[in-house]
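Here it is, the structure, as structure tokens.
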Amino acid sequence: MPTSSESSGVTGKLAGKSGHWGSRGDEILRALPRDTPWYYYSSISKMEKAVTNVERGKDRFNDQFVVFLEIPQHVVNQSASESGPFCKLRPDYLTKEKILILKMVSRPHEMICGEFLLVLFNSFGSLGHALRRELAIVGTAQVQGRDRAKSPDGSLIPLVLPPGRSDQWPAFVLEIGVSEGAAKPQRDAIWWLQESQGDVLLAVTIKLNRRKRSLTITKWEMVDKSTRRRNQRAEATQIITIVVPQDKENISIRNAPLVLPFRSIFARDPVGDEGDVIIDSAALEDFAKRVATQF
């Protein structure tokens with residue numbers, strides 16, 4: 001690993017390094033694709049040049065990450081704010097470690113996110129219009145945690161929140177992964193649930209494996225645990241695997257339907273005919289067929 005503070009890029013196995021950025025920093029970096037380029041920070045202009053170079057060589061069918069090390073928070077506030085040059089690159093900043101991760105999303109990534117939200121809304125059933133009006137799509141709006149600022153790939157929050165519940169955190173978060181070998185969506189889902197201390201009630205990750213022509217949809221929730229250290233922890237509570245053959249016929253769907261607790265989306269208990277949101281096999285198959293155009 002270089003020891004200079006120059007913003008000279010080195011493509012390598014940063015995600016495989018350990019023991020240098022602290023346990024949390026190492027864990028997050030290991031979750032990135034192994035060929036993720038990384039740079040030491042020296043100036044915003046050099047950051048812009050580095051990002052431009054990465055974008056030029058980017059595969060339009062895969063997400064691309066770029067990492068900047070030893071970058072001060074005031075620089076991140078300036079460059080990754082809503083008016084900054086990197087605001088659209090889904091900034092993920094670790095305050096203590098001074099690590100900034102930028103994500104350049106691909107067309108498949110955006111299509112998966114958008115199509116899933118449509119499927120979700122369509123699964124509200126006969127009460128769909130009224131329920132949809134209760135939610136605000138806050139998308140990729142950045143959230144500041146205790147020592148990490150992060151943008152989700154998609155998010156929803158009820159327009160009316162329970163008494164005492166701030167609007168800092170969304171209720172539902174979506175994280176997408178279309179890069180080979182990247183475990184970051186799973187790590188991010190756990191962070192959203194645990195860092196928000198109960199405000200984010202539900203996270204869904206969707207992982208595309210183009211080689212296997214598969215989609216893995218994972219539901220993440222806080223689960224009660226009888227341990228001395230903590231009462232709850234974030235866990236995967238449902239995993240659905242969809243395999244789409246080349247001809248898009250005989251699509252295989254395992255562990256459907258996807259069941260999303262009503263309260264975890266709307267931050268209130270259901271009343272009357274309301275109930276958990278059920279995304280059935282037919283809806284999942286239609287979703288997979290549409291997304292498969294990007295395989």
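The values are calculated or read from the model by the stated rules, or taken from the named source; none is laboratory data. Here the structure is a predicted model, which means the values were calculated and not measured. No Cβ is skipped: glycine too gets one built from the backbone with ideal geometry, and neighbour counts run over all protein chains shown.
For the list (1) assigned to a loop (DSSP other than H, G, I, E, B); (2) more than 27 Å from VAL66 (Cα to Cα); (3) modelled with pLDDT of 95 or more; (4) not acidic (Asp, Glu), I need the number of the one condition that ILE157 fails.
Every condition holds for ILE157 apart from (1).
Just to be sure before I move on: is ALA130 modelled with pLDDT under 95 and either part of a helix (DSSP H, G or I) or of a type in the set (S, T, N, Q) (or both) in the structure I sent?
Answer is yes for this residue.
Which of the residues spanning the stretch 122-143 are farther than 26 Å from ILE112 by Cβ and free of Cβ contacts under 8 Å to residues at least 60 places away in the same chain?
ALA130
Of the conditions (1) in contact with a Lys or Arg (Cβ under 9 Å, 6 or more places away or on another chain); (2) crowded, with 17+ Cβ neighbours inside 10 Å; (3) at pLDDT 75 or above, SER7 clears all except one; give me its number.
Looking at each condition in turn, SER7 falls short on (3).
Residues checked against (1) in the same structural domain as ARG233 (by the TED database); (2) touching a Ser or Thr at 6+ places or on another chain (Cβ under 9 Å); (3) closer than 25 Å to ASP280 by Cα:
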| residue | (1), (2), (3) |
| --- | --- |
| GLU115 | yes, no, yes |
| SER151 | yes, yes, no |
| PRO158 | yes, no, yes |
| LEU161 | yes, no, no |
| PHE172 | yes, yes, yes |
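Something else about it: If I ask for residues that are free of Cβ contacts under 8 Å to residues at least 40 places away in the same chain and either among the aliphatic types (A, V, I, L, M) or not in a loop (DSSP other than H, G, I, E, B) (or both), which ones from the stretch 214-235 would you list?
SER214, THR216, THR218, TRP220, MET222, VAL223, ASP224, GLN232, ARG233, GLU235
Kindly indicate the residue of the stretch 171-193 that is assigned to a loop (DSSP other than H, G, I, E, B) and modelled with pLDDT of 90 or more and also farthest from the chain's Cα centre (by Cα) among those meeting that condition.
Residue satisfying both the conditions and the ranking: ALA171.
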